[in-house]
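To start, the structure itself, in structure tokens.
The values are calculated or read from the model by the stated rules, or taken from the named source; none is laboratory data. Just so it is clear, the structure is predicted and the values come from calculations on it, not from any experiment. Every residue, glycine as well, gets a Cβ built from its backbone with ideal geometry; the counts of neighbours run over all protein chains shown.
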Amino acid sequence: MERMKKMKIGFIGLGNMASAMIGGMLEQKVVIPEEIIGSDLSAEMKKKAEETFGIGTFSDNRQVAAQSQVIVLAVKPIFLSEVIQEIKAEITEDKLVISIAAGKNISWIEEEFGRSIKLIRCMPNTPALVSAGCTAVCKNGQVSDEEEALCLKLMGSFGKAIAIPERLMDAAMAVGSSSPAFVFLFIEAMADGAVAAGMPRQQAYEFAAQSVLGSAKMVLETGMHPGELKDMVCSPGGTTIEGVRVLEEKGMRTAVIEAVFAAAEKSKKL
């Protein structure tokens, strides 16, 4: 991936998601270690980031905000207001702020800053930890197309990044950020079934996980409808259609639809 023009990117918070993002940016050579700095209250987190990525770290969030052109707010939502109050004097009109805090919408963040800023709200998911993330991206009216493209490039370095209007962010949270837990449940359940049929546990996880990975890849790379791909596997009177019949009987699709909808509704209330 082609490198961006030189700039300083500052991460406030150096937890798992920030580490996944930094790792992806460096691995794809979008930036170099000297162009990233970060802060965290935890000395352990700072040391880990320094040793793993070779980036500069600080204890003071204001130093990161002051020295960076792009500031990524990678703290938990409950700490976001406190962090914003701490750094807002350092956020000049030319700086771009990216928030990955769940449930905190653009208007809430703007209100916390108390003035107009360049702001992009992003919602990555945990597969970013293995460079297979899916990140929803939405911007406010102060952000240029060029700045949005920059953000998409940064977020795309550890998976797929998709620009959406903010009205879809709760749905994106449910189908992107929450859904890995649903998929893990599915993998675990499939493995349990294989164990019941006599397969060793670890081998069952490997078969189930690889099958999910391959199936997802077929959807993304062929562009075919999932139902069409399902039909390709279901031979008349075969084992697969028998399994599908049981899943339909047990209400699998309804359960999944309701789970995604419930997660989206919860996101609106955060």
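Observations on the model:
- Scope the stretch 211-225; condition more than 20 Å from the chain's Cα centre (by Cα), outside any loop (DSSP other than H, G, I, E, B) and either surrounded by 12 or more Cβ atoms within 10 Å (Cβ to Cβ) or among the aliphatic types (A, V, I, L, M) (or both); matching residues: Ser211, Ser215, Met218
Here is a yes/no grid of residues against (1) assigned by TED's automatic domain parsing to the domain that holds Lys118; (2) in contact with a strand residue (DSSP E or B) (Cβ under 6 Å, 6 or more places away or on another chain); (3) outside any helix (DSSP H, G or I):
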residue: Ser157; (1), (2), (3): yes, no, no
residue: Lys160; (1), (2), (3): yes, yes, yes
residue: Gly193; (1), (2), (3): no, no, no
residue: Ala204; (1), (2), (3): no, no, no
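- Contacts under 6 angstrom Cβ, first residue in the stretch 242-270 being surrounded by 11 or more Cβ atoms within 10 Å (Cβ to Cβ), partner among the β-branched types (Val, Ile, Thr), 6 or more apart: Val260/Val175
- Yes/no for Ala18 being hydrophobic (A, V, I, L, M, F, W, C), out of contact with any Leu (no Cβ under 9 Å at 6 or more places or on another chain) and more than 20 Å from Asn125 (Cα to Cα): no
- On the stretch given as the stretch 45-83, residues that are assigned to a helix (DSSP H, G or I) and aromatic (Phe, Trp, Tyr) total 2.
- Residue in the stretch 165-183 that is loosely packed, with under 13 Cβ neighbours inside 10 Å and touching a residue at least 24 places away in the same chain (Cβ under 8 Å) present: yes
- Hey, Lys29 assigned to a loop (DSSP other than H, G, I, E, B), among the basic types (Lys, Arg) and within 22 Å of Leu129 (Cα to Cα) or not: yes
- Number of residues in the stretch 118-128 that are surrounded by fewer than 22 Cβ atoms within 10 Å (Cβ to Cβ) and either without any contact (Cβ under 8 Å) to a residue 12 or more places away in the chain or β-branched (Val, Ile, Thr) (or both) equals 1.
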